[in-house]
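All remarks here apply to the structure that follows.
Just so it is clear, none of the values below were taken in a lab; they were calculated from the coordinates. Just so you know, these numbers come straight off a predicted model, no measurement behind them.
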Amino acid sequence: MALREIRIEGDPILEKTSRPVGILTPRLKMLIVDMIETMRNAYGVGLAAPQVGVLRRIAIVNVDGENDYVFINPEIIESEGEQTGTEGCLSVPGKVGTVTRPEKVKVRALDIHMKEFELEAEGLLARACCHEFDHLNGILYVSKVEGELRDARYEEDEDEEWDEEFDEESGEDAETEEEQDVKKAEGQDAESAEEKKAESAEEKDAGSAEEKDAESADTKDAETAEENDAESADVQNAETAEKQDAEPEDAKDAENQNTVSGDNQDL
Ligand code: ZN
């Protein structure tokens with residue numbers, strides 16, 4: 001596990017469109033584990049892969065401090081209503097703005113086992129999904145802000161409002177399978193819950209065709225263009241601009257880059 005550097009507005013990678021995940025390699029699983037750790041470390045409630053320099057369609061959301069949703073290749077397939085509220089972004093530190101989003105969305109995505117699932121989200125969870133999935137299309141919330149960006153430290157009063165939304169969300173979503181999985185993982189103690197989950201995912205699925213594919217892609221020379229691309233982007237020092245943007249794997253590099261923001265509305 002390692003913290004990853006969070007890219008800040010102005011970094012061109014934040015304006016690029018991310019590519020879908022074809023095979024969830026162990027390296028991409030590690031990316032997800034690192035993203036969760038990086039999000040928590042920065043007190044964020046969501047994080048998208050391009051925010052840590054990886055142009056893949058992966059986003060994570062945790063609006064209640066307990067349940068980490070992992071969305072791979074997510075799509076919003078239905079949306080309903082409207083909510084206007086305050087939003088922040090880990091890539092735009094210290095600022096917040098007013099953004100109108102759908103009140104409810106239905107999301108279709110792949111989970112960490114590359115199994116399709118649907119999630120009906122509302123309130124803050126819906127907002128967070130919209131915000132994160134925008135990142136995958138190179139869109140920052142600042143382009144959707146109504147009025148001016150404001151300094152986050154003047155928004156203390158809004159924290160209670162957000163907390164109420166957290167409570168609603170955690171009550172309603174407790175039934176989903178992902179959530180139960182996550183809770184089991186969380187229950188297993190300690191900082192390494194995500195890591196265990198990722199490890200056990202690798203072990204459990206070792207027999208499945210998908211996983212064999214992933215393993216062989218990993219251990220052998222990848223044959224398809226996409227696999228080559230994915231592996232080299234992650235493993236080797238890349239030559240293209242996009243690949244140069246890929247995150248250094250070294251934990252030492254990441255240690256200096258903790259962006260700690262005091263509020264928990266950064267996405
Ligand atoms: Zn963001």
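Here are a few things to note about the model shown:
- Prolate/oblate/rounded label for the range 21-84 (Cα gyration tensor, a/c 1.5): oblate
- Cα gyration tensor category, rounded, prolate or oblate, for the range 31-154 with a/c compared to 1.5: oblate
- Pairs beyond 25 Å (Cα-Cα), from 29/115; 29/144; 104/144; 29/95; 115/144: 29/144; 29/95; 115/144
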